[in-house]
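A short reminder: the numbers here are calculations on the coordinates, not readings from a lab. Just so it is clear, the structure is predicted and the values come from calculations on it, not from any experiment. Neighbour counts are summed over all protein chains in view; Cβ atoms, including those assigned to glycine, are modelled from backbone coordinates with ideal geometry.
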Number of protein chains: 2
Amino acid sequence: MTDITIIGNGNMARGIGTRAVAAGKSLQILGRDAEGAEALAQELGGDTLSGTTAEPPAGDIVVLALWFDAAKEVVSAYNDALAGKIIVDICNPVDTQTFDSLVVPADTSAAQEIAKLTGGDVVKAFNTTFAGTLMAGAVAGQPLDVFIAGDSADAKAKVAEFATAAGLRPLDVGGLRHARELEGIQLLAMGLSANPDNEFNWDTALKLIR
Amino acid sequence: MTDITIIGNGNMARGIGTRAVAAGKSLQILGRDAEGAEALAQELGGDTLSGTTAEPPAGDIVVLALWFDAAKEVVSAYNDALAGKIIVDICNPVDTQTFDSLVVPADTSAAQEIAKLTGGDVVKAFNTTFAGTLMAGAVAGQPLDVFIAGDSADAKAKVAEFATAAGLRPLDVGGLRHARELEGIQLLAMGLSANPDNEFNWDTALKLIR
């Protein structure tokens, strides 16, 4: 029994993996190459195993810590191995040449496109939290907000439980179509970080303060 | 010479007017009825005059503190009186029956639709700051973020100068088409406030913390 599988072994896998271990979750890191996944698993510590994407994900929650194109490929390749799983899409489908546009049409989102490829319950989450802020677990002394969109209330509740256990604040913003708005605002945050004229350097977090 | 005209005398006019007076700006409040505008001008104090939308706006910056339909009507009716003005659109074109959708098509925004109706320079700003937070000028001890989108760098700089003078933090997020993303994220914030199941009550502000 594994709580969470993270597919990918880059910075976002490190960030979400750090929070999963802090939450006491059992974790599986699956990378394209075994060495990278194993190195991250050892770095994270806790109850963490590693493997490659040649094997099926063991976790109830499967986090796609990948860019959009890779996420679509992995979900398509896994096919039935994701049935019944909660699939967390964290990606921001931005044009990385300009950081000024999304690469998905105006009436959809990366999360909705990924959902078309799988029978699992896709939940959008963790797309407004940069990797460094997830590793720290807080920004400016404040818990990170994790905006969550999805069509399965049960799947969203389980992702929210993970976020809460990890010391973060989950905010359910509605159905999966609202992934568009979450990807849209993070496009703007990424654009601000990509612009050398201001103070931001991929270290921000979007928060609803009151 | 008037710095800022606010069209409307509701809560958002009160919030932005409070910040304008705090910034030492000369202000004109134009309402549909003279009494409401005059009452707000007296409440705000400072260098504030009032009038009705039967007269042209005097300010270099004209803030449309109106819902989307009313903003379109006013801009159309003013026509040439807005030429050369900086027009600040603050509205959120939400379906107020559900707070779950925007009423503009997916590939546009209220700001872009308003821009089609006028020769002035339309700037999107102040749509992620609820009226009460503008009156307070800060939330949880932190200066409010004012996300700004527009196609005129000069117009955006002048709106940013106002925000800074008012004690707020302006963030230029790019061209006017990015109004879509700003309206989208505020749809989610409004949805959270409209939902009685959580802690929010039209008292939040969206902030990029670091």
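Close amide H partners of A:VAL139, meaning residues 5 or more places away or on another chain with modelled amide H under 5 Å apart, are A:LEU144.
When DSSP beta bridges are restricted to pairs lying wholly in the protein assembly as shown, around 25% turn out antiparallel.
The orientation-averaged projected area of the convex hull spanned by the Cα atoms of the range B:82-141 comes to 5.7 nm². Quick one: grab the alpha carbon gyration tensor of the range B:54-116, order the square roots of its eigenvalues as a ≥ b ≥ c, and give me rounded if a/c is under 1.5, else prolate or oblate depending on whether a/b is larger than b/c. It is prolate, given that a/c is not under 1.5 and a/b is the larger ratio. Shape analysis of the range A:83-185 yields a ratio of the Cα radius of gyration to the Kirkwood radius, Rg/Rh, of 0.97.
Neighbours of B:SER76 by Cβ distance under 12 Å: Lys/Arg scored +1, Asp/Glu scored -1, total -2. Pair-distance distribution of the range A:1-93: all C-alpha pairs, bin width 5 Å, starting at 0; shares per bin in whole percent are 3, 16, 29, 29, 17, 6, 0. Rounded to the nearest whole Hz, the Karplus-based 3J(HN,Hα) values (6.51 cos²θ - 1.76 cosθ + 1.60, θ = phi - 60°) of the range A:159-173 follow the sequence 5, 5, 4, 4, 4, 5, 4, 8, x, 10, 10, x, 10, 7, 9, with x at glycine and proline.
For the peptide B:188-201, the mean number of other protein chain Cβ atoms found within 10 angstrom of a residue's Cβ is 3.
With label points defined 7 Å past Cα in the direction of Cβ, position A:TRP202 shows copy-to-copy spacings of 4.2 nm, given to one decimal and shortest first.
In the frame of its principal axes, the protein assembly as shown has Cα extents of 71, 41, 37 Å, reported largest first. Cross-link partners for B:LYS85 among the lysines, with Cα-Cα distance under 29 Å and sequence neighbours closer than 8 places in the same chain left out: B:LYS25, B:LYS72, B:LYS116, B:LYS124, B:LYS156, B:LYS158, B:LYS207. Couplings for the range B:65-76, taken from phi via the Karplus curve 6.51 cos²θ - 1.76 cosθ + 1.60 with θ = phi - 60°, read 8, 9, 5, 3, 4, 5, 4, 4, 4, 5, 5, 5 Hz in order; Gly and Pro are left as x. Less than 5 angstrom separates the built amide H of A:LEU117 from none of the residues sequence-distant by 5 or more or on a different chain. Each residue of the range B:17-27 was assigned a 3J(HN,Hα) from its phi angle through the Karplus curve 6.51 cos²θ - 1.76 cosθ + 1.60 (θ = phi - 60°); the sequence is x, 4, 5, 5, 5, 4, 7, x, 7, 7, 9 Hz, with glycine and proline shown as x.
Annotation: amide H of B:GLY31 within the under-5 Å range of B:GLY8, B:ALA37, B:GLY51, B:THR52, B:THR53, sequence separation 5 or more or interchain, hydrogens built in the peptide plane. Label-to-label distances for B:ASP69 across copies, nearest first, come out at 4.6 nm, using points 7 Å from Cα in the beta-carbon direction. Across the range A:2-194, the fraction of Cα-Cα pairs farther apart than 25 Å, rounded to a whole number, is 28%. Rg then Dmax, both in Å and based on the Cα atoms of the range B:131-210: 13.6, 43. Taking every DSSP bridge with both residues inside the range A:25-174, close to 20 percent are antiparallel. Projecting 7 Å from Cα along the Cα-to-Cβ direction, the label point of A:THR96 sits 4.4 nm from its equivalents in the other copies, listed shortest first.
Across chain B, C-alpha contacts under 8 Å between residues 6 or more apart give a mean separation that, scaled by the residue count, equals a relative contact order of 19 percent.
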